[in-house]
Amino acid sequence: MKNTQSIAGIAFALAALAPGYAAAADDKPYKVAEGNRVDKITLEGWRTWRALACERCHGARQEGLVGPPLVESMKRLSKEEFKQTMLKGRPEKGMPNFDGSKMVTENLDGLYAYLKGRSDGAIQSGRLEELK
Amino acid sequence: MASIRTYTWGVLFGLAALPGLAFANPEVIKLTQDPKNWAMQAGNMQNQRYSALKQINKDNVKNLRVAWTMSTGVLRGHEGGPLVIGDMLYVHSPFPNKVFAVSLSDQQIKWKYEPKQDPTVIPVMCCDTVNRGLAYADGKIFLQQADTNLVALDAKTGKEIWKIKNGDPKKGETNTNAPHVFKDKVITGISGGEFGVRGFVAAYDIKTGKLVWKGYSTGPDAEMLMDPDKTMTWTDGKMAPVGRDSSLKTWQGDQWKIGGGTTWGWYSYDPKLNLMYYGSGNPSTWNPAQRPGDNKWSMTIWARDVDTGQTKWVYQMTPHDEWDFDGVNEMILADGINVKGKPRNVLVHFDRNGFGYTLDRVTGQLLVAEKFDPKVNWASHVDMKTGRPQVVKQYSTQAQGQDVNSKGICPAALGSKDQQPAAYNPANKMFYVPTNHVCMDYEPFKVEYTAGQPYVGATLSMFPAPNSHGGMGNFIMWDAGTGKIVKSKPEKFSVWSGALVTAGGVACYGTLEGYVKCVDANDISKELYKFKTPSGIIGNLNTWEYKGKQYIGVLSGIGGWAGIGLAAGLEKDTDGLGAVGGYKELKNYTELGGVLTVFALP
C-alpha cells in the first residue's frame, strides 16, 4: 500500500511539474500498465539492469548511490548520449564501459525505455512482468 | 617402516632448517609480545585482539578523555585500524589508500604516501572502497592497494622499496584486505566474488616482493596446493584425505574458473605448527541454480604451511552456498579451551552463516558448531558426523528456485557477523563478538559472465531480525568450548567494528552511530564508558602505550556494506534493496568522514 502511495505521489508531482509529459504519452519508448506490466523490450531492459547489478551504484530505485540518480539524469540525457555513456562509460567518474557486454549491446533500447519509464514515474521499481 | 623413516627425515630436515626459519622474522613476534606496540592489525599472530595493558581498567575507564584526533581527509568507509611500533603510528585510508606515519611525541605527520590509482577500480569494488589496514616487518610498511598493487614502503621515510601487482582489476580483481606478515613472507588475498574472480592467497618475499607461492581456492589439486592423499578434511566423524580432484568434482564444467572463493579476511598464524589459517568466500554467482554441486573449496576454513603453501587441512562450512554466506571471517587461535572436559588448542571462527565453529587447529577436527544468534533459521543445525549444515527447505533459495523470492531468511547475506573481527580474552577464555541481527528476502536470477562486470545474480532486501529487540546488532560474549552465548548486549545497528579486550578487564567496540563503548569484560551488559566520535565506526579498536601512558585508538568513518547508502549520499530510499533498506535510519545519527580518535586517562 505504502509503495503505491509513494509512486502515485511521484507521478502526481511529475505531472504537475511537466504537464507536457503526460500529454505526449504516445512518444514514450515504453508501454506500461498498472506500473509493473511492460512491453517485451522494456522488460528485457529491466532484466539487463538487474543482471548488470546497476543498483550497486545507482540504487535500487535509481535514486543514486555512488552513481548519480538516474531518475534525474534521464530527464536530461538524449537517447544518443545515454547509449554513448553505456557503451563507452565515464571512466573518470567511475562508470564502466559496457560495450563488452552482449546483454547490454542487445538491450540498449529496452534499458533506455525502462529507465525513462522510471524517470517519468510511470514504471515502478522492483519486479516487472510482461504486458500481453 | 616407510612412514617412520619419512617422519625421521622430516624431523632431521626440520632441525637442520630450524635456525634459518626461527630467525627468519623474530622481529614481528617480538614486537607483538611487547604490549606497548600494536604491531599487527589484530595485535598478534593469533588474531586475538587482546592486550596485556591494564592501566585503563574497569574501574577508571569511565574517566577516559580524548587525547588527540586526526582526519584522514577521506570520505567513505574506514575499516581496519592504526599500527603502533615504538614511537610511531601508521594509519591508512580507504581509496585512494593514503598512508600516514605519525610521530607519537607531537602527532606530527613524518611522511605521507598517496598512490596514484586508476579510478575505474572503484566500480569494480564490492561494498564500498574500504581498506583494512597496513602490515609491518623488516623496517617496511606494507600496503595492499585497491588496484591490487602490493607496496613495501620504508617505514622511516615512506619511500617505495618494491611494488608488485597481485591481480587484474580488468577481470574484477581488487583488494580490500590487510596484508599479513608471517615469517619472511607477506601474504595477501583477493576480492571480487561478485565479479566471478577465482580466489587465491599468495605469499611474497618481504625483502624483494618475489612470489613464493600461490594457492587457489578452486580448481586442480596442484593449483590449490593440495595433496589428495595428505590434505585432510572432516569426513564421517573423522579426518580423512580429500582425495583426487576434490574441487573439480564439485563443479559443473568450467564454472570453478569463475567460481569465487575469494580471500579478503583476517589471517592468523601458529608459529609452532607453521600453519596459517583463513577462510574462503562465496562461490560465484549468487544464483545457486547456475552452479550445481558443493562448489569446493569455497566457504572453507583453510590451514596452509606458510613456507610452501601446501594445504594441511580444509573444512567446508557451507557446501553449495545459496545465501552469500561468505566464509572469510577471521580465525582466532586459542589454547586450552575446555571442550567436553578436555583442554584443546583450537581455532574459533564466527561465520557469516551464523554458526560459531571450534576446530582442533592441529588436526582440523570439528569440535563445536552452534548458532551464535538464536534467530538463525536457514539450517536447523550442523550434523557433527558429516560436518554439513542441515538446510531448511523453506529458506533454501535453490529449492525455492530461480526468480522466486525466498522470504524471511536469517541471517541476511551480510551474515550474523561480517568482517568485523572478534576478540579473545585469555583471562576468562571468553570471546567478544560484534554481530549483525539482520534477516533477508533473496531472489536469485540467471546471469551471464562478462569479465570485469558484476556477476551477482540475486536481488536482496534486508531488515532487522523480526520478533526480537528491533535492533540490527548484538555484542555477545561466547563460550567456544560449549558453543553457547554467555551474554548478549542488544544494539540498534549492526556492530560493524572490531572488538578489543584487555587485561584491565574491559572490552571495547564501536557502533554505526559513532559511539565508542567500553564494557565490563566479565559482564558485558555493564556499559562503563561511551563517547560519540565524529562518524559511524566500522574500524577496529586497539591499544598501545607511549611514555608510560596507555592509549586506545579507533578509526571512525561510516561506510562499508552496512553504511553504503550513507557513504553514497542516498537521501530518500524507501524500501531499497540490499543493505540500504535496513540501515536508512543511520542518517539520523552520523555523516561521512574519516577521523582517528585517540583516548587516554586524564
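The values are calculated or read from the model by the stated rules, or taken from the named source; none is laboratory data. Note that the structure is a prediction, hence the values are computed from the model and not measured. Because the Cβ atoms are built from the backbone with ideal geometry, glycine has one as well, and the counts that use them run over all protein chains shown.
Can you pull out the residues in the range B:396-406 that are part of a helix (DSSP H, G or I) and surrounded by fewer than 22 Cβ atoms within 10 Å (Cβ to Cβ)?
B:Q398, B:A399, B:Q400
Where the second residue is outside any strand (DSSP E or B) and modelled with pLDDT under 95 and the first is at positive phi and lies in the range B:94-113, which pairs have Cβ atoms under 8 Å and are six or more apart or on separate chains?
Final answer for the pair search is B:N97/B:Q117.
Only one of these is of a type in the set (G, A, S) and modelled with pLDDT of 95 or more: B:G582, B:G557. Name it.
B:G557
So which residues in the range A:71-122 are among the acidic types (D, E), touching a residue at least 24 places away in the same chain (Cβ under 8 Å) and more than 14 Å from chain B (Cβ to nearest Cβ)?
A:D109, A:D120
Could you say whether any residue in the range B:475-486 is under 16 Å from the mean Cα position of the chain (by Cα) and more than 30 Å from B:Q255 (Cβ to Cβ)?
No, that holds for no residue.
Does any residue of the range B:2-18 turn out to be modelled with pLDDT of 95 or more and of a type in the set (D, E, K, R)?
no
Conditions: (1) buried (at least 24 other Cβ atoms within 10 Å of the Cβ); (2) closer than 28 Å to B:Q46 by Cα; (3) over 22 Å from the mean Cα position of the chain (by Cα). B:A465 meets all but one. Number of the miss?
Against the list (1) buried (at least 24 other Cβ atoms within 10 Å of the Cβ); (2) closer than 28 Å to B:Q46 by Cα; (3) over 22 Å from the mean Cα position of the chain (by Cα), B:A465 comes up short only on (2).
Identify, by number, the condition in (1) in contact with a Pro (Cβ under 7 Å, 6 or more places away or on another chain); (2) away from chain A (no Cβ under 14 Å); (3) not in a loop (DSSP other than H, G, I, E, B) that B:V121 doesn't meet.
Unmet condition: (2).
Here's the yes/no breakdown for (1) within 12 Å of chain B (Cβ to nearest Cβ); (2) under 12 Å from the mean Cα position of the chain (by Cα); (3) at pLDDT below 80:
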{"position": "A:K2", "(1), (2), (3)": "yes, no, yes"}
{"position": "A:L17", "(1), (2), (3)": "no, no, yes"}
{"position": "A:Y30", "(1), (2), (3)": "no, yes, no"}
{"position": "A:N36", "(1), (2), (3)": "no, no, no"}
{"position": "A:D39", "(1), (2), (3)": "no, no, no"}
{"position": "A:L43", "(1), (2), (3)": "no, yes, no"}
{"position": "A:A53", "(1), (2), (3)": "yes, no, no"}
{"position": "A:Q62", "(1), (2), (3)": "yes, yes, no"}
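Keeping to the range B:221-238, report how many residues are over 13 Å from B:T311 (Cβ atoms) and not hydroxyl-bearing (S, T, Y).
So the answer is 4.
Please list, ordered by residue number, the strands (runs of 3 or more DSSP E) wholly in the range B:505-564 having 3 or more residues that are more than 25 Å from the chain's Cα centre (by Cα).
B:523-532
Test B:V368 against the criterion of being touching a Ser or Thr at 6+ places or on another chain (Cβ under 9 Å) and either in a strand (DSSP E or B) or surrounded by fewer than 22 Cβ atoms within 10 Å (Cβ to Cβ) (or both), and give yes or no.
yes
Return a yes/no flag: does the range B:536-544 have any residue that is among the small types (G, A, S) and closer than 15 Å to B:L592 by Cα.
yes
Of the residues in the range B:345-366, how many are of a type in the set (D, E) and under 13 Å from B:T300 (Cα atoms)?
1
So is B:T129 of a type outside the set (K, R), in contact with a helix residue (DSSP H, G or I) (Cβ under 9 Å, 6 or more places away or on another chain), farther than 18 Å from B:G43 by Cα and assigned to a helix (DSSP H, G or I) or not?
no
State which residue is nearest to B:S416 (Cα to Cα) when the search covers only the range B:440-483 and only residues that are among the small types (G, A, S), in a strand (DSSP E or B) and within 10 Å of chain A (Cβ to nearest Cβ).
B:S461
Let's see how each residue does on (1) among the aliphatic types (A, V, I, L, M); (2) closer than 21 Å to B:T263 by Cα; (3) surrounded by 19 or more Cβ atoms within 10 Å (Cβ to Cβ):
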| site | (1), (2), (3) |
| --- | --- |
| B:G408 | no, no, no |
| B:A412 | yes, yes, yes |
| B:S416 | no, yes, yes |
| B:K429 | no, no, no |
| B:Y449 | no, yes, no |
| B:Q453 | no, yes, yes |
| B:H469 | no, no, no |
| B:G473 | no, no, yes |
| B:W478 | no, no, yes |
